[in-house]
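Worksheet: one structure, shown below.
The values are calculated or read from the model by the stated rules, or taken from the named source; none is laboratory data. Since we're looking at a predicted model, the values are computed, not measured. Heads up, the Cβs are rebuilt from the backbone with ideal geometry, glycines too, and the neighbour counts pull from every protein chain shown. Note: accessible area is taken over every heavy atom of the protein model, side chains too, but ligands, DNA and RNA are not part of it. Shrake-Rupley method; radii C 1.70, N 1.55, O 1.52, S 1.80 Å.
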Amino acid sequence: MEPARDPAATQSPAGALTVLGFETSCDDTAAAVVRRDADGAVRVLGERVVRQDAAHAPFGGVVPEIAARAHVDRLDAVARRAMADAGVGFGDLDAVAATAGPGLVGGVMVGLMTAKAVALAHRLPLVAVNHLEGHALSPCLSEKVAFPYLLLLVSGGHTQILMVRGVGDYQRLGTTVDDAAGEAFDKIAKLTGLGLSGAAVECAATAGDATRFALPRPFRGAPNPDFSFAGLKTAATRAYQSLDSPSDADKADLAASFQAAVADVLADRVRTALALPAAAEASAVIVAGGVAANAVIRAALTAAAEDAGRPLVAPPLKWCTDNAAMIALVGIERLRRGESDQLDVAARPRWPLDPAAAPALGGGKKGPKA
Amino acid sequence: MALLFLDTSGPRCAALVRRPGRDDVVAEEVLGRGHDSRLAPIVQTVLEQAGIAPADLARVAVAVGPGSFTGVRVGVAFARGLALSLDIPSVGINTLDALAASAPDTPGLVVAAEDVKRGEVIWRLFADGAPLGAPDRAAAADAVAAIAGMANGAPVSSAGTGAPLIASQSIMDTGVRIFDLVRAADLGEAADPAAAPATPFYARPPDAKLPGGVDPWA
């Protein structure tokens, strides 16, 4: 069943690998073509992303069925544009890669089925990619960082600290036991009417007093670098609801107080992780995910990393958030190791990157979520 | 040059290859779920059995529903991925049209109806293969009344999983529950890609409520 690679169809320069990647696991429909040259240099030849914010905004969160419908309507056109931008044809590809999980499975299937079709049509290897592995390797799209490194992934869907020892070698040091950090930011934005996403909280916080509301710092000082944001979210909600017709100044103070609490917790958890023997050899701290765009949080993380003698590296925002370039990159790295997947590979809504890590979230009979 | 027809709209996961002047080749499995896993291997099998390469395909047709939302997307994404990478047209075939084409030749009208749960069917009435109006989702009793009104006393035979729900004195259930792949491929061969895009046809809007429980599609 393994589709045989047809060497005659491959026209990458000698020793180079060119891979098309798809990302459809949440609300971004994305395709990218990435090439790794023989000397190891990685270039994104073309990438396109269509976001769905407007479609989900009225509902106050991503609606899986709406997301899946949008992905299937758009992905082929998005891929066509990414290929045109890259100036390559399907016959120039060495493999096709797609996110196969974890994520919203209806959307994941759209990207995975499109990738299978391309693989079958052109007898290319298929690489079914773990979305978290994409984030773990995303710094390699823009930075020269040496393995091993400590990765803090903070987005609307995930909050984890991983030791990235190499391609395919990940150790989860900590994870959230309830909400993701970005999810908590979004909740506060909606609660206060500041906006629909966490970015609105950062914007309002610039004018606020971060000491006005004494909010909790869940897990600060705990020996394991895990996270919890549900209690902080509830405390912020109660503080807001205790206000009599909140003014803009009240909202700004709450936003600033909440943001300071999240920044404190993230920095403390990174300090804790860096002090673990498992992280002793980390060359740098990499931060990825949409929350990494927050300047106050970035400053707190920079201080935490530098106190431990490590640089903080944040990839450009377009590769920090969900993107297809990181998925194509994982495809390249797996291909270099002679790894690819069969055409019967299934989408996986749950797929922990470190299978040895104990489940902290969604650890029911279906196993850990991520 | 060959046609590939795909159906993942219901429990069946099927692929058919049609080559000019030769017998059709079919591969199918009946699955509850897991079409995302089985479809590509089934397509690979049917192409091998037909002795053709993917590059020999001139067109890909796919059942676009009404049916399982997820199943339909699996088939449509795959069909569109083939069309994109082989630079060939894709067409979408409505499962109600395929069902009507699959009913036995009987005089009068044919109604294709799918059970869409919650006591509702989605139905479309046909005269000699031509549809009389667009697909409509309705409570079974309302569908029966609407069909009777349009039939105006003419006999009506029915096909599809919704047929038992609308069986009545004037609507005879033919017992056909699933469309015939060969008949559907005929439609796929004849369809105009501009008029019949490979776009899912959903029986219902997404199940999502606006804050305050407001139905955005009401």
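Structure above, values below:
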quantity: Taking all pairs of distinct alpha-carbon atoms in the protein assembly as shown, Kirkwood radius in angstrom; calculated: 25.8 Å
quantity: Approximate spin-label separation residue A:145-residue B:87, in nm, with each point projected 7 Å along Cα-to-Cβ; calculated: 4.0 nm
quantity: Chain B: calculated mean residue ellipticity at 222 nm from DSSP helix runs of at least 4, using -39500 (n - 2.57); calculated: -9500 deg cm²/dmol
quantity: Accessible carbon and sulfur surface of region B:63-162 relative to its total accessible area, %, 1.4 Å; calculated: 54 percent
quantity: Per-pair calculated FRET efficiency, R0 = 60 Å: residue B:56 and residue B:141 via Cβ, rounded to 0.05; calculated: 0.75
quantity: Difference of contour (0.36 nm per residue) and Cα-Cα distance, residue A:237 to residue A:299; calculated: 19.8 nm
quantity: Mean projection area, nm², convex hull over Cα of region A:108-240; calculated: 11.3 nm²
quantity: Shielding of A:80-91 by partner chains, average beta-carbon count, 10 Å; calculated: 1
quantity: Rg(Cα) / (2.2 N^0.38 Å) computed for region A:235-370, rounded to two decimals; calculated: 1.38
quantity: Pairwise label distance in nanometres, residue A:59 with residue A:336, each label 7 Å out on the Cα-Cβ vector; calculated: 3.9 nm
quantity: Additional length obtainable on full extension of the chain from residue A:206 to residue A:318, 0.36 nm per residue less Cα span; calculated: 38.0 nm
quantity: Under the Karplus curve 6.51 cos²θ - 1.76 cosθ + 1.60, θ = phi - 60°, whole-Hz ³J(HN,Hα) for region A:291-304, x wherever Gly or Pro sits; calculated: 5, 5, 6, 6, 5, 5, 5, 4, 5, 5, 6, 4, 4, 4
quantity: Global geometry of region A:146-314, whether rounded, prolate or oblate, following the gyration tensor of its Cα atoms and the 1.5 cut on a/c; calculated: prolate
quantity: Alpha-carbon Rg with Dmax, taken over chain B, Å; calculated: 17.9, 60
quantity: DSSP-defined antiparallel bridges as percent of all bridges, chain B, nearest 5; calculated: 60 percent
quantity: Percent of beta bridges antiparallel (DSSP, region A:146-314, rounded to nearest 5); calculated: 65 percent
quantity: Amide hydrogen neighbours beyond the local backbone of residue A:63, cut-off 5 Å, H modeled; calculated: none
quantity: Antiparallel DSSP beta bridges within chain A, as percent of all bridges there, nearest 5; calculated: 65 percent
quantity: Nearest-20 debye value, chain A charge dipole, Cβ charges on Lys, Arg, Asp, Glu; calculated: 380 debye
quantity: Label zone at residue B:209, where the point sits 7 Å out along the Cα-to-Cβ direction: region A:51-65 residues whose backbone N lies under 15 Å; calculated: A:59-60
quantity: Computed log₁₀ I(q)/I(0) - Debye formula, equal Cα scatterers, no solvent, region B:149-218, q 0.17, 0.25, 0.27, 0.28 Å⁻¹; calculated: -0.95, -1.05, -1.10, -1.13
quantity: Distant-in-sequence amide H partners of residue A:176 (H built 1.01 Å from N, under 5 Å); calculated: A:159, A:227
quantity: Net dipole in debye of region B:1-118 [+1 Lys, Arg Cβ; -1 Asp, Glu Cβ; about Cα centre; nearest 20]; calculated: 280 debye
quantity: Summed buried accessible area for B+A [probe radius 1.4 Å, Å², rounded to 100]; calculated: 2900 Å²
quantity: For chain A, accessible area per residue (1.4 Å probe, heavy atoms of protein chains only), Å²; calculated: 36 Å²
quantity: Ranked by how many other beta carbons lie within 10 Å on average, peptides A:40-50, A:182-192, B:207-217 from highest; calculated: A:182-192, A:40-50, B:207-217
quantity: Within 10 Å of each Cβ in B:31-37, the average number of Cβ atoms from other chains; calculated: 4
quantity: Taking region A:146-314 and dividing mean pair separation by its residue count, relative contact order in percent (alpha carbons under 8 Å, at least six apart); calculated: 28 percent
quantity: Principal-axis tilt of helix B:181-190 within chain B, Cα atoms, nearest 10 degrees; calculated: 80 degrees
quantity: Carbon + sulfur, % of accessible area of region A:112-211 - ligands and nucleic acids excluded, 1.4 Å; calculated: 50 percent
